[in-house]
Amino acid sequence: MNPDILRWDGKYSAAEARDFIEADELLEANAALLSGKGRALDVACGAGANAIYAASRGYATVGVDGSIEGLRLAARRARALGLALQLINADLECYCPPPDTFDLVLVFRYLNRPLFEALKQTLRPGGVIFFKTFNRNLLDTRPGFNPDYLLEPGEIAGRFRGLEQIAANDDADNRAAFSWWIGKRPMT
């Protein structure tokens, strides 16, 4: 089994559901971009905070994660809120979302470079993607962090070439430990 999945299962099994209830502030700050129509995909959804947020906004939401323990937390919280989530347990190193399926794609705190093209392709025309994860600036405060899981500042825009950028902090001058990018698939 993937050692990252085992590590996350351990974190989630030791956690309380309340530890993972807040949607990412980038998603909440840009709620006006969420039409609530169609289907949403949350990749590496963990305990489901962002998936639950999308479902609460009206999306038929799919959350995918390798950690069964994280998905259990997500399912428990969604039930408590009366929200429907489709949760898929999959090793994200092998997962490939189907093309032209989702109107909203969320990826927070996860980096799998081979997945970028599939993320672009899974968006329906007019669909919006939020992508946010750590970049190399994190090494300033956490020098032991695995650099394979860190973006280069400016990398996201290049990976999502062909999508229309809506907003980003992803440039070479970014000094934050996170890079983020919001974009949409053109209608034609």
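The values are calculated or read from the model by the stated rules, or taken from the named source; none is laboratory data. Just so it is clear, the structure is predicted and the values come from calculations on it, not from any experiment. As a convention, Cβ positions derive from the backbone with ideal geometry for all residues, glycine included, and neighbour counts pool all protein chains shown.
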Problem set entry | The one condition in (1) touching a helix residue (DSSP H, G or I) at 6+ places or on another chain (Cβ under 8 Å); (2) buried (at least 16 other Cβ atoms within 10 Å of the Cβ); (3) under 21 Å from N169 (Cα atoms) that E152 fails to fulfil | (2)
Problem set entry | Filtered residues of region 30-73 (kept if farther than 13 Å from L106 by Cβ and among the aliphatic types (A, V, I, L, M)) | A32, A47, A60, I68, L71, L73
Problem set entry | Considering residues of region 133-149 that are part of a loop (DSSP other than H, G, I, E, B) and not aromatic (F, W, Y) only, the residue surrounded by the most Cβ atoms within 10 Å (Cβ to Cβ) | R142
Problem set entry | Hits in region 111-125 (condition: in a loop (DSSP other than H, G, I, E, B) and either buried (at least 19 other Cβ atoms within 10 Å of the Cβ) or in contact with a helix residue (DSSP H, G or I) (Cβ under 8 Å, 6 or more places away or on another chain) (or both)) | L111
For this session: Output yes when any residue across region 88-109 is under 22 Å from A177 (Cβ atoms), touching a helix residue (DSSP H, G or I) at 6+ places or on another chain (Cβ under 8 Å) and not aliphatic (A, V, I, L, M), and no when none is.
Result: yes
Seminar exercise, completed: Residue count, region 14-39, condition assigned to a helix (DSSP H, G or I) and modelled with pLDDT of 90 or more, comes to 8
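To keep it simple, each residue is scored yes or no on (1) farther than 25 Å from A31 by Cβ; (2) more than 14 Å from the chain's Cα centre (by Cα); (3) not hydroxyl-bearing (S, T, Y).
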site: R79; (1), (2), (3): no, yes, yes
site: A84; (1), (2), (3): no, yes, yes
site: A90; (1), (2), (3): yes, yes, yes
site: Y95; (1), (2), (3): yes, no, no
site: L104; (1), (2), (3): no, no, yes
site: V107; (1), (2), (3): no, no, yes
site: R113; (1), (2), (3): yes, no, yes
site: K120; (1), (2), (3): no, no, yes
For this session: Scan region 153-166 and report the pairs whose first residue is on the phi > 0 side of the Ramachandran plot and whose second residue is assigned to a loop (DSSP other than H, G, I, E, B), with Cβ atoms within less than 7 Å and a gap of 6+ or a chain change.
Result: G154/D170; G154/D171; G154/A172
For this session: Go through region 58-103 and give me each residue that's in a loop (DSSP other than H, G, I, E, B), over 20 Å from R124 (Cα atoms) and in contact (Cβ under 8 Å) with a residue 60 or more places away in the chain.
Result: G66, S67, D91, E93
Problem set entry | Subset of region 137-170 (residues that are of a type in the set (D, E) and within 20 Å of K120 (Cα to Cα)) | E152, E155, E164, D170
For this session: Specify the residue that is farthest from I52 (Cα to Cα); the eligible residues are those in region 72-92 that are basic (K, R) and crowded, with 16+ Cβ neighbours inside 10 Å.
Result: R72
